[in-house]
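Have a look at the structure below, then the notes.
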Amino acid sequence: MAPQTTPETQAGATLSLDGKSLTLPVVRGSEGETAVDVQQLRAKTGMITLDPGFANTGSCRSAITFIDGEKGILRYRGYPIDDLAQHSSFLEVAWLLLHGALPTRAELGTFTHDVTHHTLLHEDFDRFFDAMPKDAHPMPVAAAAVGALATYYQDPETEDNLRDAIVRLIAKMPTIAAYSYKHSIGQPSMYPQNRLDYASNFLRMMFATPCEEYEVDPTLARAIDLLLILHADHEQNCSTSTVRMVGSSRANLFASVSAGISALWGPLHGGANQKVIEMLERIAAEEGSAEVFLNRAKDKNDTTRLMGFGHRVYKSYDPRAAILKKACGEVIGRMKSASRMLDIAMRLEEIALKDDYFVSHKLYPNVDFYSGVIYKAMGIPMNMFTVMFAMGRMPGWIAQWLEMRNDPDTKIARPRQIYTGATQRAYVPMAKRG
Ligand code: SDX
């Protein structure tokens, strides 16, 4: 595990109210971030804090991922995302997130072998997929399938079983994704092949059929691996916080990750990559100009949003979006596919980044703005885009869950509230209600 630099506590912050004052400790992290530690606030004042959406609230101490939203910095265990995107692989990044250090050659070899040899799903899973409607969105299918893993691998909490559960989740997620896709198009599932690497195995399970083999294009396999690296973790986002919250009740890893998949599906979170393509296709189909669309996105009376833009933390360009924008051109060039979606996306970005509304609101492209363009260029169906996000995020969810479980400060997550409902009133019998 990485050296856990325990954040220091420094001179406190004083809260004054009604003539009384309380000094609360201030915690400073390894990158200089500071927080007022309010753990004693209610015990000492009877008051709580209120922060809908937790935009100003730290839920934990974590040593896994660091984001500086103002500077557009993203690091996994201290390694800049640009370096990992350029030099690493998804399974190496998964090991890094899980163990806090880059693996040795032997460690990576063993991990890769273990993941490769756990890609198969129990044969009974075929009946699970057969029970799903053909037009089911693959995200609820993936959430249900991951939850169902807890019925096949029961009691995953022991040391040995937990290690196997971690490998199984990373190994089987591509198989679950590909099987749900094949089921939705009425084709037989294709078994994973141990001779292939992680990304190539996924592509083959998606596009090979019993009648025709699928030769994996190394450029596409590398693009998939890059996309998985870029999605691997992102500190305390909505789905990761969900995984931590569910795990804090000591629900098992499969149940916690299943909940995270459901949270990721939301269009404001991981579901945005599908919404971006729907937005680009609508602009293309209506022959609408990017300018017209952006005016609607700025209109307070219009619910239209520029999907793939804006971020709770990044108030500058999401570094992942910059990497993906570059990769788009490479994949589209290789696939010789139309660049219409990319052209529209780049036109939207060009105008938005000069528009006062977007500049003043600090709205920049996020990871979802270009990821869908690449998936589409590869021929991955649109309703699979968020499943791809979940595949990438899997090691991050697991690493965060493990950190939560091993943190001595962890308690069951149970926020408070400010009650605004009716004060006490007497029950009225039906006869008197009219
Ligand atoms: C991901 O948290 C993570 O780390 C997530 C993620 C990860 O890796 O896990 O990075 C992945 O989820 C990326 C985000 C994908 N979602 C989208 O692209 C959907 C479009 N974006 C937004 O809906 C929004 O920007 C959010 C949800 C991403 C962030 O919302 P916030 O921080 O709650 O901000 P907000 O909704 O309060 O907006 C602040 C202002 C508002 O205007 P005002 O009322 O203050 O004048 O900015 C405006 C919003 O109307 N605004 C937008 C906008 N996003 C925000 N206006 C137009 N288009 C947009 N996209």
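The values are calculated or read from the model by the stated rules, or taken from the named source; none is laboratory data. Predicted model, so just to flag it, every value in this text is computed and none were measured. Every residue, glycine as well, gets a Cβ built from its backbone with ideal geometry; the counts of neighbours run over all protein chains shown. Heavy atoms of the whole protein, side chains included, go into the accessibility calculation; ligands, DNA and RNA do not. Shrake-Rupley method; radii C 1.70, N 1.55, O 1.52, S 1.80 Å.
Can you list the aspartates and glutamates whose alpha carbon is less than 20 Å from that of Lys20, not counting same-chain residues fewer than 8 positions off?
Asp37
Once phi is turned into ³J(HN,Hα) by the Karplus curve 6.51 cos²θ - 1.76 cosθ + 1.60 with θ = phi - 60°, what whole-Hz value does each residue of region 82-91 show in order, with x for glycine and proline?
5, 5, 5, 4, 7, 10, 9, 10, 4, 5
Could you tell me how many degrees, from 0 to 90 and to the nearest 10, lie between the Cα long axis of helix 319-335 and the main elongation axis, the longest principal axis, of the Cα atoms of the chain?
10 degrees
Counting Lys and Arg as +1 and Asp and Glu as -1, each charge on the Cβ, what is the dipole of region 272-378 about the Cα centre in debye, to the nearest 20? Can you show the working numbers first?
Values: 18 positive and 15 negative charges, 79 e Å.
Charge dipole of region 272-378: 380 debye, to the nearest 20.
Sort 222-230, 359-367, 46-54, 94-102 by packing, meaning the average of other beta carbons within 10 Å per residue, with the highest value first. Before the final figure, lay out each step's value.
On the way: 222-230: 24.8, 359-367: 18.3, 46-54: 10.3, 94-102: 21.2.
Result, highest mean Cβ count within 10 Å first: 222-230, 94-102, 359-367, 46-54.
Rounded to the nearest 10 degrees, what's the angle between the helix 138-152 long axis and the longest principal axis of the chain, both from Cα atoms, 0 to 90?
That helix lies at roughly 80 degrees to the long axis.
To test your reading of the geometry: what angle, between 0 and 90 degrees and rounded to tens, separates the Cα axis of helix 218-230 from the longest principal axis of the chain?
Long axis of 218-230 versus the principal axis of the chain: about 10 degrees.
Hey, which of these cross-link pairs are over 18 Å Cα-Cα: Lys275/Lys354; Lys326/Lys376; Lys134/Lys182; Lys71/Lys362? Can you show the working numbers first?
Working: Lys275/Lys354 23 Å; Lys326/Lys376 15 Å; Lys134/Lys182 10 Å; Lys71/Lys362 12 Å.
Over 18 Å apart, Cα to Cα: Lys275/Lys354.
Of Met346, Ser316, Ser289, which is farthest along the charge dipole of region 272-378 in the positive direction, counting Lys and Arg as +1 and Asp and Glu as -1 at C-beta?
Ser316
Percent of accessible area on region 91-138 owned by carbon and sulfur, 1.4 Å probe? Write down the numbers at each step before the final one.
On the way: 1510 of 2600 Å².
Looking at region 91-138 in its full context, I get 58 percent from C and S.
Using helices alone, what [θ] at 222 nm do you get for the chain, with -39,500 (n - 2.57) per DSSP H run of 4 or more residues, divided over all residues and rounded to the nearest 500?
Working: 18 runs with 219 residues, N = 434.
Rounded to the nearest 500, the figure is -15500 deg cm²/dmol.
Near Lys411, which lysines are there with a Cα under 29 Å away, not counting those fewer than 8 places off in the same chain?
Within the straight-line limit of under 29 Å, Lys411 reaches these lysines: Lys44.
Straight-line reach from Lys298: which aspartates and glutamates have Cα under 20 Å away, leaving out those fewer than 8 places along the same chain?
Glu278, Glu281, Glu286, Glu287, Glu349, Glu350, Asp355, Asp356, Asp368
Would you kindly state how much longer the chain becomes between Asp164 and Ser337 on full extension, computed as 0.36 nm times their sequence separation minus their alpha carbon distance, in nm to one decimal? Could the numbers behind the result be given before it?
Details: separation 173, 0.36 × 173 = 62.28 nm, distance 4.04 nm.
Gain in length upon complete extension: 58.2 nm.
Counting residues in the chain as N, plug N into 2.2 N^0.38 Å and put the Cα Rg over that result.
Working: Rg = 23.5 Å, N = 434, 2.2 N^0.38 = 22.1 Å.
My calculation over the Cα atoms of the chain gives 1.06.
On average, how much area does the Cα convex hull of region 272-378 cover when viewed from any direction, in nm²?
Numbers: hull surface 25.0 nm².
In nm², the orientation-averaged hull projection of region 272-378 is 6.3.
Whole number in Å², please: accessible area per residue of the chain, 1.4 Å probe, ligands, DNA and RNA not counted. Please report the intermediate quantities before stating the final value.
Details: 22000 Å² over 434 residues.
About 51 Å² of surface per residue is accessible.
Between region 13-63 and region 199-237, what's the alpha-carbon centroid distance in Å?
Spelled out, the Cα-based centre of one part sits 43 Å from the other.
Can you give me the C-alpha center-to-center distance between region 332-411 and region 109-166, rounded to a whole angstrom?
Region 332-411 and region 109-166 have Cα centres separated by 25 Å.
Using amide H atoms built in the peptide plane, which far-off residues or other-chain residues are under 5 Å from Phe309 H to H?
Asn366
Charges at C-beta only: +1 for Lys and Arg, -1 for Asp and Glu. How large is the resulting dipole of the chain about its Cα centre, in Debye rounded to 20? Can you show the working numbers first?
On the way: 46 positive and 49 negative charges, 299 e Å.
In total the dipole reaches around 1440 debye.
How much of the accessible area of region 145-280, in percent, comes from carbon and sulfur atoms when a 1.4 Å probe is used? Walk me through the numbers before you get to the answer.
On the way: 2630 of 4960 Å².
Carbon and sulfur: 53 percent of the exposed surface of region 145-280.
Could you give me D for region 337-428, from Stokes-Einstein at 20 °C and 1.002 mPa s, where the hydrodynamic radius is the Kirkwood radius over C-alpha pairs? Units µm² s⁻¹, please.
Values: Rh = 18.4 Å.
Translational diffusion coefficient: 117 µm²/s.
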